[in-house]
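Undergrad: My questions will all concern the structure given below.
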Amino acid sequence: MSHSRRLLPSTLLALTILSHTALAHSQPVVTEAPLRAHLAFLADDLLEGRGTGQRGGELAVRYLETQAAAMGLKPASGNSYRQPVKLVGQKTLPGSVLRFAAGSKTLAPQLGTDVVFANANGKTETRLDAPVVFVGYGIHAEDENWNDFAGVDVKGKVLIAMVNDPQPTAAEPNRFGGKSLTWYGRWTYKFEEAVRQGAAGILLIHTDASASYPWSVPANSFSHEQFHLAGPGNALQGWISEDSARALFAAGGHDLDALRAAAEVRGFKPIDLGATVHAEVASAVREITEFNVAGIVPGTDPKLRDEAVIYSAHWDHFGIDAGNGKPDHIWNGAIDNASGSAALLAMAQAASAHPARRTQIFLWPAAEEQGLLGSAAYVRAPLWPLAKTAADLNLDSMNFVGKTRDIGVHGSERSSLYKTAAQVAGSMGMRLAPPVPDLGGAYFRADHFNFAKAGVPAFNVGSAVFSGDGSFEFAHDQAASSAAMIGYTKRYHQTSDEYNPAWDLSGMVQQAQFTLNLGYAVANAPRMPTWNANEAFARVKR
C-alpha cells in the first residue's frame with residue numbers, strides 16, 4: 001500500500017472538516033430550538049406583556065442585551081447594547097369629560113364605547129373649548145396636489161377627519177397609491193398633521209373598512225398609557241365611532257355621508273360643523289427612558305465594513321393592566337412581536353460566527369406599539385450613519401402555522417431589494433408572493449418605515465400573518481393553514497395573543513432564514529441597494 005493511500009482516511013477527514021467549515025461559514029443556519037426557547041420566554045407571563053415603561057419591558061431589555069452579549073455581538077452604543085429613548089407617558093384618567101354642543105343638542109359620547117381620547121402635550125390637566133371642523137381626510141400632500149386645509153385657518157380648532165386616503169377614480173386611478181393605502185392615510189400622519197396645522201386637537205372617524213381593524217384595536221390601545229417622543233403634541237387626540245360622528249354631524253345640520261363624498265373631490269375645503277367641543281382631560285403624566293437594544297457583527301471587508309445592514313424587530317407589546325376588567329390582564333404579544341424578537345435572536349446567534357463583508361446590526365426597537373417611537377428615535381440619532389446603512393429588514397408578527405412555498409416582500413418593489421429578494425427566494429426553492437393592494441397600509445405600520453422615511457431602503461419581510469388574509473401558499477393543508485392564519489386576526493392586540501407550544505415553527509424558521517440570507521446577499525454585494533428612480537423615498541435626504 002502506497003504512502004498516499006495509507007493517509008487517505010485522515011485526508012478525507014480533513015477535507016470533510018474543511019468542506020463543512022466552509023459551508024457553515026458561507027451559510028449561517030437559523031435553527032428552531034433557540035428560536036422557540038426565546039419565543040416561549042419572551043411571551044411568558046413572567047415578562048408581563050413587555051409593556052413600555054413597565055417592569056416587563058425592563059426584563060425584556062435585560063434579556064435581549066444579555067443574550068446579545070452571550071452570542072458575541074459587539075455593543076452598538078459605545079460600550080452598551082442600549083440606546084436611550086426619551087418618552088413622555090400619558091394616561092387618560094377616569095372622570096375625563098368630552099361632550100359636544102350642536103344646535104339645541106348636547107352629545108356626550110361614552111368613553112371607550114363611542115370615543116377614545118388622550119392628550120399629548122405633557123400636561124396633567126387639559127381644559128378645552130373649541131369649534132369643531134370637518135377636514136375630510138386631513139391631508140396636506142404637495143406631491144399629490146392635495147390640501148384639505150386650503151383657505152381655512154384651523155388653529156385652535158378641533159378637527160374631525162377620516163382615516164385612510166382619497167380613493168382612486170376613473171380619471172385618477174393611481175392617486176394616493178390607487179387601491180393601496182399611503183402614508184397619508186395612517187392615523188399617525190393625521191395626528192402629526194394636526195400639530196403642524198396648529199389645531200387644538202383631532203378625532204378620527206373609525207370604520208372597520210377604513211381603519212382595516214375593528215373598534216377594539218384603538219379602544220384597547222387608548223385604555224393603556226399612551227407614549228410619545230418629547231416635543232409638541234395635540235391637546236386632544238383620539239377616535240370617534242361612526243355612529244357618534246353621524247349623530248354629531250346631524251345635530252349641526254350636516255349629513256356625514258354627503259360630506260364624506262364631498263371630501264373625495266379635489267379642492268374640498270374644511271366645513272365648520274356648527275358644533276363646539278368641551279373637553280376636560282385629566283392625565284397621569286410621567287417622563288421615562290426606554291431603550292432600543294442593538295448588537296453588531298463587524299464586517300470583514302476593509303472598505304465595506306464601514307457600511308451596514310440592519311435587521312430589526314420590536315420587543316414591546318401592551319404590558320399588564322390589572323384594571324382592564326378582564327380575567328386575563330396580560331397582553332403577552334406572542335406573535336406581535338415576541339416572534340420577531342425571538343427570530344432576531346436566533347438569527348444573531350447564527351450570524352455571530354459568520355461575519356459578512358459589511359457590518360450587520362441586530363436592532364430591537366422600543367415602543368413600536370406606541371407609534372414606531374423607538375425606530376423614530378433611532379433615525380434621529382442613528383448608531384450607524386444612515387448614509388452608510390444599506391438596508392433595514394424588519395420582522396413583525398411572524399408565521400406560526402408552517403412552511404410556505406412563497407414569501408411576502410411587500411415594499412421591496414420600491415427598491416433594488418426586490419430583485420435580490422427574488423434571487424434569494426429562488427435559491428431556497430421559494431417564490432415571491434404575488435403582489436396585492438396594500439389596503440391596510442402595512443408598509444407604514446412597522447419599524448422599517450422610519451428607515452424608509454430617512455432614505456434607507458427598507459421593508460417588512462412578511463408572512464401570511466402580516467397579510468391578514470391567509471393568502472400565502474402553504475406547504476401542507478392549505479385550507480387549514482389559511483384558516484389558522486386568518487384566525488389570528490381575532491387575537492391581534494388582544495390578551496389572547498399567547499404562546500402555544502403546539503405551534504409549527506418551521507415556517508417561522510423559514511422566514512427568519514430567508515431574512516438572514518437576504519441580509520447576507522446585501523451585506524456581501526459590491527454595491528448598496530438603491531431606490532427606484534421614481535420612488536418618493538428616494539428623494540428623502542439622510
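Undergrad: When region 235-252 is examined, which residues are found to be assigned to a helix (DSSP H, G or I), crowded, with 20+ Cβ neighbours inside 10 Å and small (Gly, Ala, Ser)?
TA: Residues satisfying the conditions are SER244, ALA245.
Undergrad: With respect to TYR189, determine if the residue is buried (at least 23 other Cβ atoms within 10 Å of the Cβ) and hydroxyl-bearing (Ser, Thr, Tyr).
TA: It is false that TYR189 is buried (at least 23 other Cβ atoms within 10 Å of the Cβ) and hydroxyl-bearing (Ser, Thr, Tyr).
Undergrad: Right, VAL409: of a type in the set (A, V, I, L, M), over 22 Å from ARG491 (Cβ atoms) and surrounded by 23 or more Cβ atoms within 10 Å (Cβ to Cβ) or not?
TA: Yes.
Undergrad: A further question on this structure: Which one is surrounded by the fewest Cβ atoms within 10 Å (Cβ to Cβ), of the residues in region 258-281 that are of a type in the set (A, V, I, L, M, F, W, C) and in contact with a strand residue (DSSP E or B) (Cβ under 6 Å, 6 or more places away or on another chain)?
TA: The selected residue is LEU259.
Undergrad: So, in region 110-160, of the ones that are in contact with a helix residue (DSSP H, G or I) (Cβ under 8 Å, 6 or more places away or on another chain) and acidic (Asp, Glu), which residue ends up surrounded by the most Cβ atoms within 10 Å (Cβ to Cβ)?
TA: Step by step, filter region 110-160, then rank; the result is ASP114.
Undergrad: Counting only residues that are charged (D, E, K, R) and in a helix (DSSP H, G or I), which one in region 33-66 is farthest from SER506 (Cα to Cα)?
TA: Checked region 33-66; the qualifying residue farthest from SER506 (Cα to Cα) is ARG55.
Undergrad: Which members of region 289-330 meet the condition of being part of a loop (DSSP other than H, G, I, E, B) and crowded, with 24+ Cβ neighbours inside 10 Å?
TA: Of everything in region 289-330, those that are part of a loop (DSSP other than H, G, I, E, B) and crowded, with 24+ Cβ neighbours inside 10 Å turn out to be ALA313, HIS314, TRP315, ASP316, PHE318.
Undergrad: May I pose another question? Go through region 497-520 and give me each residue that's closer than 28 Å to SER416 by Cα and aromatic (Phe, Trp, Tyr).
TA: Within region 497-520, PHE514, TYR520 qualify.
Undergrad: How do the pairs read when you match residues in region 147-175 that are in the same structural domain as PHE100 (by TED's automatic domain parsing) and basic (Lys, Arg) with residues anywhere that are modelled with pLDDT of 95 or more and outside any loop (DSSP other than H, G, I, E, B), using Cβ under 6 Å and keeping only pairs 6 or more apart or on different chains?
TA: From residues that are in the same structural domain as PHE100 (by TED's automatic domain parsing) and basic (Lys, Arg), the pairs are LYS157/ALA130; LYS157/PRO131; LYS157/VAL133.
Undergrad: Only one of GLY323, GLY333, GLY299 is at pLDDT below 95 and either under 22 Å from LEU87 (Cβ atoms) or not charged (D, E, K, R) (or both). Can you tell me which?
TA: Being at pLDDT below 95 and either under 22 Å from LEU87 (Cβ atoms) or not charged (D, E, K, R) (or both) holds for just one of GLY323, GLY333, GLY299, which is GLY323.
Undergrad: Those residues that are under 18 Å from PRO84 (Cβ atoms) and modelled with pLDDT under 95, I need them from region 24-50; list them, please.
TA: Listed by number, the list is empty, since nothing qualifies.
Undergrad: Quick check on ASP255: is it without any contact (Cβ under 8 Å) to a residue 40 or more places away in the chain and surrounded by fewer than 22 Cβ atoms within 10 Å (Cβ to Cβ)?
TA: yes
Here is a yes/no grid of residues against (1) of a type in the set (A, V, I, L, M); (2) surrounded by fewer than 20 Cβ atoms within 10 Å (Cβ to Cβ):
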| site | (1), (2) |
| --- | --- |
| ALA483 | yes, yes |
| ILE486 | yes, yes |
| PRO501 | no, yes |
| ASP504 | no, yes |
| GLN510 | no, no |
| ASN524 | no, yes |
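Undergrad: Take the residues in region 359-408 that are within 18 Å of the chain's Cα centre (by Cα) and acidic (Asp, Glu), then tell me which one is farthest from PHE227 (Cα to Cα).
TA: Going through the qualifying residues, I end up with ASP392.
Undergrad: Also, I was wondering about something else. Determine if region 82-105 includes at least one residue that is over 30 Å from TRP187 (Cα atoms), outside the structural domain of GLY238 (by TED's automatic domain parsing) and buried (at least 22 other Cβ atoms within 10 Å of the Cβ).
TA: No - not one qualifying residue is present in region 82-105.
Undergrad: Could you list, in sequence order, all residues of region 200-234 that are outside any strand (DSSP E or B), surrounded by 18 or more Cβ atoms within 10 Å (Cβ to Cβ), touching a strand residue (DSSP E or B) at 6+ places or on another chain (Cβ under 7 Å) and among the aliphatic types (A, V, I, L, M)?
TA: Matches in region 200-234: ALA200, ALA219.
Undergrad: Collect the residues in region 86-139 that are of a type in the set (Ser, Thr, Tyr), in contact (Cβ under 8 Å) with a residue 40 or more places away in the chain and in a strand (DSSP E or B), keeping them in residue-number order.
TA: Passing the criteria: THR92, THR126.
Undergrad: Continuing with this model, one more query. Of the residues ALA376, ALA346, ALA367, only one is under 22 Å from ALA421 (Cα atoms), in the same structural domain as GLN494 (by TED's automatic domain parsing) and modelled with pLDDT of 95 or more; which?
TA: Exactly one of ALA376, ALA346, ALA367 is under 22 Å from ALA421 (Cα atoms), in the same structural domain as GLN494 (by TED's automatic domain parsing) and modelled with pLDDT of 95 or more, namely ALA346.
The values are calculated or read from the model by the stated rules, or taken from the named source; none is laboratory data. All values reported here derive from a predicted model rather than from experimental measurement. Note: ideal-geometry Cβ built from the backbone for every residue, glycine included; neighbour counts use all protein chains shown.
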